[in-house]
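The structure appears right after this line, and notes come after that.
The values are calculated or read from the model by the stated rules, or taken from the named source; none is laboratory data. Source: prediction; values computed, not measured. Heads up, the Cβs are rebuilt from the backbone with ideal geometry, glycines too, and the neighbour counts pull from every protein chain shown. For accessibility, only protein heavy atoms count, side chains too; no ligands or nucleic acids. Shrake-Rupley method; radii C 1.70, N 1.55, O 1.52, S 1.80 Å.
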Amino acid sequence: MSKNLNLAKELISRPSITPNDAGCQAFIAERLQAIDFTIEHLRFGEVDNLWARHGNTAPLFVFAGHTDVVPTGPENHWQFPPFTPTLHDGFLYGRGAADMKSSVAAMMTACERFIAIHPNHLGSIAFLLTSDEEGPAVNGTVKVVDYLQQKGEKIDWCLVGEPSSEERLCDVIKNGRRGSLNGLLTIHGVQGHAAYPHLANNPIHCFAPLLKTLCETEWDQGNEFFPKTSFQITNINAGTGAENVIPGDLELLFNFRYSTEVTHTQLQKQITALLDKHHLKYTLNWRHSGPPFITTPDILITATQKAIYEVCGYETILSTGGGTSDGRFIAPTGAQVIEVGPLNATIHKINECVSAEDIDTLSTIYQRILEKLLT
Ligand SMILES: [Zn+2]
């Protein structure tokens, strides 16, 4: 059995349901210490984080990721117990197999081989691992990044091992993410009897023309790296439950997934201007989940694409699709950040699994990237 597979099994057998690390990071730290990494365990609140570094010079290449997993759902629906890693028909089954314990295993073995061959490599390699990626993400990567900035550590290149692949291993590199902005809007009318509308003011009717405008507005045209900014109403609610009552308020939730062509303050201003233009009485609260980020094709992406081509024999696509990841906390430091990991088809599902061969291949790709950047 391959070293990668053994290591992935070791990690999956630890039931690290977020934010519990269940000893994963202690196990990883021990292995990294054996190849001369300097270990720092950083615990913030209930969350274990690990910073491990090999070398003291720039440039600094960071493998980032998480040791926590999402809950299993009903265990009796699993073909094999979720924390008893099982190899079946070439696939390794278990919670975290794809998201993202196999990538962590592949990073570790890639470093073990790379450092054995190049003990005096250029620059430094580090691991930034958290057990708070699948949870609220408050005491995880964001705090470690703060800590590193206070220490004056500057990350040049960061590879997040999130499952980015879609059809086959490493066919997609995520080189950015869209921003996400949420609004909670209340349109105020006047409640009344449905038979006496002249004594009421129906907030649904007042809002209707604006609904059409909101759905038809083009917020931007997107660009080379991002699709057009999208606006979606995710919840809408009004009414008292009675057939003969005009509601007093209409409440709605909406979400922008936005590109780098606009800012969240521009979007906020546009929404406010539209509300005012329609003479609506309203209350509006915003929650900004995160700005967009993009890593333009440069040294890191070029090295990664070449490494994948050499190992797999095919070209990769750059994408900014999908939800958020911890890359959003690392990119604002000025680091180049990409996500390269296994197939995402089974993540967060019952019977999560990964191809055992893919773990080996991924480890070879990671090693090849290190060779391109640090030798
Ligand atoms: Zn993940």
Would you mind pulling out the separation of the Cα centroids of the range 101-116 and the range 157-217, in Å? 41 Å
How large is ³J(HN,Hα), in whole Hz, for each residue of the range 45-60 in order, when computed from phi with the Karplus curve 6.51 cos²θ - 1.76 cosθ + 1.60 and θ = phi - 60°, using x for Gly and Pro? x, 8, 10, 8, 10, 10, 10, 10, 9, 10, x, 10, 10, 7, x, 9
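Run the numbers for residue 184 and residue 196: contour at 0.36 nm per residue of separation, minus the present Cα-Cα distance, in nm.
Values: separation 12, 0.36 × 12 = 4.32 nm, distance 2.96 nm.
Result: 1.4 nm gained on full extension.
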As a check on your grasp of the helix formula, calculate [θ] at 222 nm for the chain: sum -39500 (n - 2.57) over DSSP H runs of n ≥ 4, divide by the residue count, round to the nearest 500. -9500 deg cm²/dmol
Most mobile of 244, 351, 139 in a GNM of the chain (Cα contacts under 10 Å): 244
Note, the range 23-35: 3J(HN,Hα) by Karplus (6.51, -1.76, 1.60, θ = phi - 60°), whole Hz, Gly/Pro = x, goes x, 4, 5, 5, 5, 5, 4, 4, 5, 6, 4, 5, 10
How many percent of the accessible area of the chain is carbon or sulfur, using a 1.4 Å probe? 51 percent
R0 = 25 Å: FRET efficiency of residue 243 with residue 273, Cβ-based, nearest 0.05? 0.10
Top mean-square fluctuation among 67, 320, 186, Gaussian network model of the chain, C-alpha springs under 10 Å? 186
Taking springs between alpha-carbon atoms closer than 10 angstrom, which of 222, 152, 90 fluctuates most in the Gaussian network model of the chain? 152
Write down the accessible area per residue of the range 179-290 in Å², having rolled a 1.4 Å probe over the full set of protein chains. 57 Å²
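Taking a quarter of the surface of the Cα convex hull of the range 179-290, what do you get in nm²?
Details: hull surface 28.8 nm².
So the mean shadow area of the Cα hull is 7.2 nm².
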With θ set to phi - 60°, apply the Karplus curve 6.51 cos²θ - 1.76 cosθ + 1.60 along the range 220-228 and write out the HN-Hα couplings as whole Hz, x wherever there is a Gly or Pro. 6, 9, x, 7, 3, 9, 10, x, 4
For the range 1-40, what is the accessible area per residue in Å², given a 1.4 Å probe and the full set of protein chains? 46 Å²
